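Note sheet for the following structure.
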Amino acid sequence: MIDPTTGQTLLVWTVRFAVACYIARLLVARCRVVGQVPKQSELVWWAIGCLAYLAHVVLAFTFTHDWSHRHAWEHTAIETERLTGIRRGEGLWVNYVFTLTWCFDVIRLAFARSQMRATKRGVDFTVHAFFAFIIFNATVVFGPALYRILAIPIFFALILSGRMKQNP
């Protein structure tokens, strides 16, 4: 049995590790020409990141929300009100969609790799735009001040890097 203090520590570090895996996947994917089969290492980072994120979700519901959707909703509403002045919990549904998107995208990438087929550029863009939006909000909007200082330059570097690859 994990004590609550260890659980909270694991809660924080699993999501940090998941984001690090996402960044690693992006870096590996940058070496792949659009329209080619996903690299094995890209798929591995993506799958490990997904598993770490799923562990984060389990830890959040275990140590923060007592396996209660209602409690998670209220927690989300309180955090949203703290930052925006509006008490809304609907962001929890966005988190659920994020979780499902990551799981399905791992399957999509694995299937493309197993069939030696390229992934669809539009789907890749949509998934990464959604992930960037979620991770940006989790770090810059809802995260501590240190995250803001670190995350904003990283996001701009990733955006600039993507623009340079599209416009050689």
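Annotations
- Subset tally (residues that are farther than 17 Å from ALA29 by Cβ and aliphatic (A, V, I, L, M)) for segment 117-144: 4
- Flag if ARG121 is modelled with pLDDT under 90, among the charged types (D, E, K, R) and in contact with a Gly (Cβ under 8 Å, 6 or more places away or on another chain): yes
- Only one of VAL106, VAL37, VAL19 that is surrounded by 13 or more Cβ atoms within 10 Å (Cβ to Cβ), of a type in the set (Val, Ile, Thr) and at pLDDT 95 or above: VAL106
- Checked against the criterion of being touching a Phe, Trp or Tyr at 6+ places or on another chain (Cβ under 8 Å) and farther than 21 Å from VAL44 by Cβ, segment 115-130 has at least one qualifying residue.
- Residue in segment 100-111 that is under 16 Å from HIS128 (Cβ atoms), assigned to a helix (DSSP H, G or I) and in contact with a Pro (Cβ under 7 Å, 6 or more places away or on another chain) present: yes
- Total residues in segment 52-65, condition within 28 Å of ALA29 (Cβ to Cβ) and in contact (Cβ under 8 Å) with a residue 12 or more places away in the chain: 8
- In segment 2-25, the residues that are β-branched (Val, Ile, Thr), assigned to a helix (DSSP H, G or I) and over 18 Å from the mean Cα position of the chain (by Cα): THR5, THR6, THR9
- Sole exception among (1) under 21 Å from VAL37 (Cα atoms); (2) of a type in the set (Ser, Thr, Tyr); (3) surrounded by 12 or more Cβ atoms within 10 Å (Cβ to Cβ) for SER114, by number: (3)
The values are calculated or read from the model by the stated rules, or taken from the named source; none is laboratory data. None of the values given here were measured: they were computed from a predicted structure. Every residue, glycine among them, receives a Cβ derived from its backbone with ideal geometry; neighbour counts consider all protein chains shown.
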